[in-house]
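The values are calculated or read from the model by the stated rules, or taken from the named source; none is laboratory data. As the structure is a prediction and not an experimental result, all values here were calculated from the model. For neighbour counting, all protein chains shown are included, and Cβ atoms are generated from backbone atoms with ideal geometry for every residue, glycine included.
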């Protein structure tokens, strides 16, 4: 599991879309986790927080959160 709860500001799973805060891109070899700390806000820009080497198929951020693989609260 990847715990990113401490870097999300103002995220509430009941009222916010996790996809406003987190994106996972897959280049066919690695997955890159990109976080915008305030979601749609303007105070923070999206930043890469992790590159998961040799791991692919993780682009469904909502599914990762639901499964508990991505810890957001």
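Structure notes:
- The residue that is farthest from residue 22 (Cα to Cα), counting only those in segment 61-70 that are outside any helix (DSSP H, G or I) and in contact with a strand residue (DSSP E or B) (Cβ under 8 Å, 6 or more places away or on another chain), is 69.
- Output for segment 1-10, where each listed residue is touching a residue at least 60 places away in the same chain (Cβ under 8 Å), surrounded by 13 or more Cβ atoms within 10 Å (Cβ to Cβ) and either on the phi > 0 side of the Ramachandran plot or not in a strand (DSSP E or B) (or both): 4, 8
- Test for residue 58: is it in contact with a strand residue (DSSP E or B) (Cβ under 8 Å, 6 or more places away or on another chain), part of a loop (DSSP other than H, G, I, E, B) and buried (at least 16 other Cβ atoms within 10 Å of the Cβ): yes
- Looking across segment 11-32, the residues that are within 16 Å of residue 65 (Cβ to Cβ) and assigned to a loop (DSSP other than H, G, I, E, B) come down to 11, 12, 13, 14, 15, 16, 17, 21.
- Scanning segment 33-43 for residues that are out of contact with any helix residue (DSSP H, G or I) (no Cβ under 8 Å at 6 or more places or on another chain), in a loop (DSSP other than H, G, I, E, B) and either loosely packed, with under 15 Cβ neighbours inside 10 Å or modelled with pLDDT of 95 or more (or both) yields 41, 42, 43.
- Pairs, first in contact (Cβ under 8 Å) with a residue 24 or more places away in the chain and at negative phi in segment 48-73, second exposed (fewer than 12 other Cβ atoms within 10 Å of the Cβ) and part of a helix (DSSP H, G or I), C-beta under 7 Å, six or more apart: 71/5; 72/5; 73/5
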